[in-house]
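The values are calculated or read from the model by the stated rules, or taken from the named source; none is laboratory data. Given the structure is predicted, the values throughout are model-derived calculations rather than measurements. Positions of Cβ are backbone-derived with ideal geometry, glycine not excepted, and every protein chain shown enters the neighbour counts. Note: accessible area is taken over every heavy atom of the protein model, side chains too, but ligands, DNA and RNA are not part of it. Shrake-Rupley method; radii C 1.70, N 1.55, O 1.52, S 1.80 Å.
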Amino acid sequence: MKKFSVVIAGGGSTFTPGIVMMMLDNMDRFPMRELVLYDNDKERQAELGEALEILLKEQAPDLKFSYTTDPKEAFSDKDFCMAHIRVGKYDMREKDEKIPLRHGVIGQETCGPGGIAYGMRSITGMMEIIDHMETYSPDCWMLNYSNPAAIVAEACRVLRPDSKVLNICDMPVGTLRRMSQIIEKNPEDLEVRYFGLNHFGWWTSVKDKEGHEYINQIREYVAENGYLTKVEVDKQHMDQSWQETHKKARDILAVNPHYLPNTYLKYYLYPDYEVAHSNADYTRANEVMDGREKEVFTAARNIVKKGTAVEGGFHIDSHASFIVDLARAIAFNTHERMLMIVENNGAIANFPDDAMVEVPCIVGNDGPEPLTQGKIPAFEKALMFQQVTVEKLVVEAYIEGSYLKLWQALTLSKTIPSAKVAKDILDDLIEANKSYWPELH
């Protein structure tokens with residue numbers, strides 16, 4: 001079996017150790033000959049890189065490993081680039097969340113004004129990584145799971161339309177695992193139908209391989225409990241904010257009881273509730289910095305100090321196995337069925353062809369082939385069209401340096417009550433992001 005060379009872009013991410021360990025756990029399915037971490041923050045990446053070097057010498061001594069800030073070194077002779085970058089790191093995420101809350105608007109990483117701010121920062125970083133990949137390994141595939149995925153995917157469609165970039169999100173994977181616990185099935189044995197945008201969609205079917213439909217059973221459970229189950233999917237979703245998110249699914253379902261909702265819809269359907277239950281002084285960014293951030297880097301320092309990763313504190317990010325599934329589908333033409341973010345082109349019959357939608361796809365060595373979902377109802381179609389227009393305006397504002405289009409994007413967002421509030425938030429975001437955004441005029 002061929003062995004692959006992989007670069008992880010965003011090597012200093014707190015998710016990197018879990019993903020590396022997950023890939024080690026799947027070496028029989030996706031063997032690697034080389035793994036390189038790439039980040040533009042040398043010091044941050046080095047803390048994790050030094051610890052992972054010790055771990056890999058103990059667990060995979062034949063795997064060539066390195067970490068670097070040099071694009072040529074990182075991207076040369078690569079088969080896959082796995083991208084999970086965060087431009088501005090958690091300091092800017094904190095601003096994304098707290099600035100809108102000061103104006104009585106939701107503060108969230110990927111939704112509303114925070115997601116728009118993050119998207120404006122991410123476009124530059126993603127285009128740079130794509131260009132590095134195409135310069136040094138033109139046959140390489142990028143598996144992108146960087147947030148905010150919807151805006152990033154639209155930017156890739158417009159700015160790098162011929163690039164070998166696959167956009168995918170872990171949220172449907174995590175929710176499917178919760179569904180599988182509700183009906184006591186293995187998630188690998190379930191096939192779904194789903195339509196929407198990233199962080200903005202609905203499941204219309206959940207069947208096992210024999211064709212038994214479980215959506216009614218799951219819907220009854222969610223109507224009472226939300227997606228909150230007794231067995232938690234992974235430690236990331238154990239924080240109180242995630243507990244509340246899974247509970248809120250029952251209220252989202254009440255708005256349209258026909259389909260199972262993506263939990264992020266709460267930010268668009270219940271923004272007033274979310275603001276009222278937010279702490280403007282301590283947001284999700286603070287939870288992460290005080291939780292996973294400290295845990296991962298403390299574990300890395302302990303491994304380096306001890307000189308061994310035995311009982312080192314890094315944990316396998318098992319739910320991220322979708323990354324290996326996607327890589328295998330491309331490498332071995334497995335025709336894996338996965339939810340992907342792709343250009344619509346008729347997959348949703350009554351929605352614009354140039355919209356980046358999230359639908360089930362069959363993935364082989366030519367990339368994803370979307371499965372048609374037919375026509376969608378008026379309520380969901382209208383919500384989606386409003387949101388996809390926001391995302392398109394953000395990308396146009398980035399390209400044109402247009403203050404007006406970004407103001408329009410914020411005004412159109414269902415999370416913001418008026419053009420006046422949108423403008424006030426925009427002016428504050430411009431000041432906070434002056435080192436990251438293009439100049440707006």
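One table, with the values for the structure above:
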| item | result |
| --- | --- |
| Length added when fully stretched, D189-N225, from 0.36 nm per residue minus Cα-Cα | 10.6 nm |
| Spin-label pair A280/E210, simplified geometry with 7 Å Cα→Cβ offset, distance in nm | 5.6 |
| Pairwise FRET efficiency - Q386 versus S76, Cβ, R0 = 41 Å, nearest 0.05 | 0.40 |
| Region 276-399 - percent relative contact order, Cα under 8 Å, separation 6 or more | 16 |
| From phi via Karplus (6.51, -1.76, 1.60), per-residue ³J(HN,Hα) for region 302-309 in Hz, x at Gly/Pro | 5, 4, 5, 5, 7, x, 8, 9 |
| Cα-based shape type of region 384-441, given that a ≥ b ≥ c are square roots of the gyration tensor eigenvalues and the cut on a/c is 1.5 | oblate |
| Overall form of the chain per C-alpha gyration tensor (a/c, 1.5; a/b vs b/c) | rounded |
| Calculated FRET efficiency for the pair D91/A349, C-beta based, R₀ 56 Å, to 0.05 | 0.80 |
| The chain: relative contact order in percent, alpha carbon pairs under 8 Å with at least 6 residues between | 18 |
| Two-site label geometry, E400 and K3: point separation in nm, points 7 Å out along Cα→Cβ | 5.2 |
| Packing rank of 11-17, 51-57, where each peptide gets the mean count of other beta carbons within 10 Å, highest leading | 11-17, 51-57 |
| I362/L412 FRET efficiency (R0 25 Å; Cβ-Cβ; nearest 0.05) | 0.15 |
| Extension gain (nm, one decimal) between E128 and K42, 0.36 nm per residue minus Cα-Cα | 29.3 nm |
| Accessible area of F30 in the full protein assembly, 1.4 Å probe (Å², nearest 10) | 0 |
| Pair K423, E439: separation of 7 Å Cα→Cβ label points (nm) | 2.3 |
| The chain - charge dipole about Cα centre, Lys and Arg +1 at Cβ, Asp and Glu -1, debye rounded to 20 | 440 |
| Relative packing of peptides 318-326, 280-288 - highest average C-beta neighbours within 10 Å first | 318-326, 280-288 |
| Order by protection proxy (mean Cβ within 10 Å, highest first), peptides 385-397, 245-257 | 385-397, 245-257 |
| Ellipticity estimate at 222 nm from DSSP helix runs (n ≥ 4, -39,500 (n - 2.57)) divided over the chain, nearest 500 | -15000 deg cm²/dmol |
| For region 168-174, 3J(HN,Hα) per residue [Karplus equation, 6.51 cos²θ - 1.76 cosθ + 1.60, θ = phi - 60°, Hz, x = Gly/Pro] | 8, 10, 8, 4, x, 5, x |
| Gyration tensor verdict on region 1-133 (Cα atoms; rounded if a/c is under 1.5, prolate if a/b is larger than b/c, oblate otherwise) | prolate |
| Beta bridge orientation in the chain: antiparallel %, DSSP, nearest 5 | 50 |
